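One structure is given below, encoded as structure tokens.
Computed from the coordinates by the stated procedures, all read-outs in this text should not be read as laboratory data. Computed from a predicted model, the values in this text were never measured in an experiment. With ideal geometry, Cβ positions are generated from the backbone for all residues, glycine too; neighbour counts draw on all protein chains shown.
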Amino acid sequence: MSLPEPRPSVLAIPAIHSDPPAAPGSGLFMLSYNENPYPPLPGVLEVAAAAAGRMNRYPDMANEELYAALAAHLGVDADQVVASTGSSSFFYQLVQAYCEPGDEVVFAWRAFEAYPVAAAAGAARVVRVPLTPEGRHDLDAMAAAVTDRTRLVIVCTPNNPTSEAVTHAELAAFLRAVPERVVVAVDEAYLEFVRMDDPIRGLALLPEHPNLVLVRTFSKAYGLAGLRVGYAVAAAPVVSALRAVAPPFGISVVAQAAAVASLEHEPALLARVDALVGERDRVVAGLTASGLTLHAPQANFVWLPLRERAAEFAAAARQRGLVIRAFADEGCRVTIGEPEANDRLIELAHACG
Ligand SMILES: *Cc1c(COP(=O)(O)O)cnc(C)c1O
């Protein structure tokens, strides 16, 4: 008797890495998911709680209020925006909408761990292009990796886990180099934290590039990670394909209401992001003083290229109540958290010399 067999690509998906949420009173600081340490923006919790009172009803499947709010916020048409259950979902939807089995998905490596999983789940072939030694995207090599079978290229900027960002000029040149029949998804999960010369202005590139998708999220700067809501901005035909393959009623009543309310609090959002960027500067200065080499991180996390010392550093962090993410023999990714957590990280770096 033969049992049901998943596709080989599905069997090859590695077990996910997960850290349990810190139990109240455990004294642990969670610095492994790049979460926002702040509570919801002012007024958002009240709106979400009121929406929870409507949980016996399905959410608006068309997400009309959210799309109108996003379109107004971004200055685009409502048919250029699409929401999802966290922006991670878009990578699955892009593969589903654009790839036949065996078609190729190109991305840098190491980058966000969801990309190879989304490709495998959709039976697409993964093409990983190594980052430069500085942890930056090698966009020339990525453009050169595009073949007749390539349907999707993903640019993660700032990159998770290296925190390095692509410039506007670099992205514009890349879009000119990649054929228009290939979807270019730019994962801007950490967009709000970027402080560099010539930052990407993705919305300005959309009119010229009907194959460009900007993938964004409410999970990081907006602090709604637990509600699962992300959005993408693209030309209407791409948006329509993404909407077509979305599981129905994905964005809950509470998530829709909280996302709309969050968009109304831009000044409070920017103040918090600025405070986190200030903490990031302080962490970079502290770690650099202890002898670690860091480039200028652009997200709400730092990357410590510790190589064979990564696991040991993460264990020492745990001893100090910090849960960080180690990639064995590569490095550690550490979220910028509460000032006390950041202090402990700086102290640890000094102790480890
Ligand atoms: C956190 C993160 C996301 C967002 O995930 P959500 O599903 O929206 O919570 C997307 N891309 C990258 C690179 C990330 O680090």
Notebook entry, point to check: Of all DSSP beta bridges located in the chain, what percent are antiparallel, nearest 5?
Noted result: 45
Next item on the list: Could you tell me which helices of the chain pass both thresholds, a Cα extent of 24 Å or more along their own axis and a mean Kyte-Doolittle hydropathy of at least 0.0, with helices taken as whole DSSP H runs?
Entry: 266-289
Check: About the Cα centre of segment 223-308, what is the dipole size in debye to 20, counting +1 per Lys and Arg Cβ and -1 per Asp and Glu Cβ, all else neutral?
Finding: 220
Note to self: Can you show me the helix-derived [θ] at 222 nm for the chain, built from DSSP H runs with n ≥ 4 at -39,500 (n - 2.57) apiece and divided by the number of residues, rounded to the nearest 500.
What the structure shows: -11000 deg cm²/dmol
Next item on the list: Starting with the fewest neighbours, write out MET142, MET55, MET1, MET30 ranked by other beta-carbon atoms found within 10 Å of each beta-carbon.
Entry: MET1, MET55, MET30, MET142
Item checked: Listed residues PRO42, LEU270, VAL76: farthest to the positive end of the dipole of the chain (Cβ charges) -> PRO42
Notebook entry, point to check: Which residue, chosen from VAL182, GLN256, ALA23, occupies the Cα position most advanced towards the positive end of the dipole of the chain, where the dipole is computed from +1 (Lys, Arg) and -1 (Asp, Glu) charges on Cβ about the Cα centre?
Noted result: ALA23
Margin query: Taking the beta-carbon count within 10 Å as an exposure proxy, list ARG57, ARG201, ARG333, ARG344 from fewest neighbours to most.
Written below: ARG57, ARG201, ARG344, ARG333
Check: For GLU340 and HIS73, what does the FRET efficiency come to when R0 = 41 Å and r is the distance between their Cβ atoms, rounded to the nearest 0.05?
Finding: 0.80
Next item on the list: Under a 10 Å cutoff between Cα atoms, tell me which one of THR162, THR335, THR147 has the largest fluctuation in the Gaussian network model of the chain.
Entry: THR147
Notebook entry, point to check: Mind checking the dipole of segment 50-179: about its Cα centre, +1 per Lys or Arg Cβ, -1 per Asp or Glu Cβ, Debye to the nearest 20?
Noted result: 280
Checklist line | Kirkwood estimate for the chain, i.e. one over the average of 1/r between Cα atoms, Å | finding: 21.1
Next item on the list: For VAL184, list long-range residues whose amide hydrogen, built 1.01 Å from N in the peptide plane, is under 5 Å from its own amide hydrogen.
Entry: VAL153, LEU212, VAL213
Next item on the list: Please give the peptides 113-119, 71-77 ranked by average Cβ packing (other Cβ atoms within 10 Å per residue), highest first, as a rough proxy for protection.
Entry: 113-119, 71-77
Margin query: Using the crude model of +1 on Lys and Arg Cβ and -1 on Asp and Glu Cβ, and no other charge, please compute the dipole size for the chain relative to its Cα centre, in debye to 20.
Written below: 600
